[in-house]
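Notes follow once the structure below has been shown.
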Amino acid sequence: QVQLVESGGGLVQAGGSLRPSCAASNGIFTFNPMGWYRQAPGKQRELVAAVTSGITNYADSVKGRFTISRDNGKNTVYLQMNSLKPEDTAVYYCYADRRANRYWGQGTQVTVSS
C-alpha cells in the first residue's frame, strides 16, 4: 500500500518562505508524475506544480516563486515556496501516479498572513 505523508506547512507572513515535503512509503522513482495541488476554502482544487520525467510545470500564479523537486534517494518530493502571498493560503496536497493509479497525501495547511 502506497502512503504519501506531507509535512512542512504552517503560518508565515507575506513575503516569507515555506518548504512542504511529501515522503512516499516506497520508491518514488516508480511514480511519474508527482506534484502538488492546493485547495482554498470555497474554491476548487488546482494544480500548483508537477514534475514529469524530469520536466517541471507550474501554475501561472506561482511561476518564478515556487520550485518543485524530488529526491529519489529519500523518497521525497518538495515544494519550495518563496515570496508567499495571502492568496497562496490553502491546503496543499501532494500526489503521485503509478500506472493507472493516483495516490494522495493527507494535505498540509499553508496560511499566509498579510
Surface share of carbon and sulfur [accessible, 1.4 angstrom probe, percent] for region 61-114: 44
Using θ = phi - 60° and Karplus 6.51 cos²θ - 1.76 cosθ + 1.60, couplings along region 102-112 (whole Hz; Gly, Pro as x): 10, 10, 10, x, 7, x, 9, 7, 10, 10, 10
Cα pair distances of region 1-74 binned at 10 Å [whole percent]: 16, 49, 31, 5
³J(HN,Hα) computed for each position of region 62-79 - Karplus, 6.51 cos²θ - 1.76 cosθ + 1.60, integer Hz, glycine/proline x: 10, 4, x, 10, 10, 9, 9, 8, 9, 10, 5, x, 9, 6, 9, 10, 10, 10
Amide proton proximity set for F66, modelled H, under 5 Å, gap of 5+: N82
Region 5-113: relative contact order in percent, alpha carbon pairs under 8 Å with at least 6 residues between: 37
Counting DSSP beta bridges with both ends in the chain, the antiparallel % (nearest 5): 90
Under 5 Å, built H, 5+ apart or other chain: amide partners of N75: I28
R0 of 22 Å, Cβ-Cβ distance R19-E46: FRET efficiency to nearest 0.05: 0.65
Whole-Hz couplings from phi, Karplus 6.51/-1.76/1.60, listed for region 5-21; x for Gly and Pro: 10, 9, 7, x, x, x, 10, 9, 7, 3, x, x, 9, 9, 9, x, 10
Residue-span extension gain [R98 to K85] - 0.36 nm each, minus C-alpha spacing: 1.4 nm
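The values are calculated or read from the model by the stated rules, or taken from the named source; none is laboratory data. Remember, predicted model here, so these are calculated numbers, not experimental data. Ideal geometry is used to build each Cβ from the backbone, glycine not excepted, and the neighbour counts take in all protein chains shown. With ligands, DNA and RNA removed, areas are computed over all heavy atoms of the protein, side chains included. Shrake-Rupley method; radii C 1.70, N 1.55, O 1.52, S 1.80 Å.
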